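Please read the structure below before turning to the comments.
Every number in this text was worked out from the coordinates using simple rules, so none of it is lab data. A quick note: this is a predicted structure, and the numbers were derived from the prediction, not measured. Cβ placement follows ideal geometry from the backbone for every residue including glycine, while neighbour counts extend to all protein chains displayed.
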Amino acid sequence: MHRDVYRQGTQIAEGQAEQQLWALADQLNAGVVPTRRSAVLPYEVVATGRRGAVAYGGGMEDLDPGTRHVLPAPSDSKWTDGLTIRRLLIPVRGDHPGDGVDLAGRTYMVVSTDISAGDLSSAKVAALGVAADATLRVYVVVLPDSAEGSPRPPTVCCCGRGWSASC
């Protein structure tokens, strides 16, 4: 019984994260940088060739993604089309201690999707502040995290190379 209730709660949390993900992707496809006020769940939008996040909110601001993004930018070999669900370790940032949502140092389920700037008009690309050949990745953190006993995808560190003690 407990597992069924937890599974339903996890499905609801994943559904909320997916809804937020698609709303963010729609804004980006329209050439609009999402505002932090609209976020219910933590999110970050990163892009190839850009050190800082394109957009972030919902608690990610405690990790100072404006200086350098927290979650990995897509690589050319790892472009995804559609929805991806995976576990990522949110790194601890020694340079910016947070005082709000404590995400750092924990592994969370995240949903993500990629957007090619090449599919957008030059005006939209300019409004987003990315290069014309950039790939944007939208991440939304699923809260709460999966419980013991539920099927889990492998944990991937934010560096994208797999988890190790050196991450």
Show me the ranking of peptides 114-127, 46-59, 15-28 by mean Cβ neighbours inside 10 Å, starting with the highest. 46-59, 15-28, 114-127
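Report the gain in length on full extension from LYS124 to ARG51: 0.36 nm times residue separation, minus Cα-Cα distance, nm rounded to one decimal.
Values: separation 73, 0.36 × 73 = 26.28 nm, distance 1.95 nm.
Difference between extended and current length: 24.3 nm.
At 0.36 nm per residue, and after removing the present C-alpha to C-alpha distance, how many nm does the segment from ASP133 to ALA30 gain when stretched out fully? All intermediate terms of the calculation are to be shown ahead of the outcome.
Numbers: separation 103, 0.36 × 103 = 37.08 nm, distance 1.68 nm.
Taking ASP133 through ALA30 to full extension adds about 35.4 nm, to one decimal.
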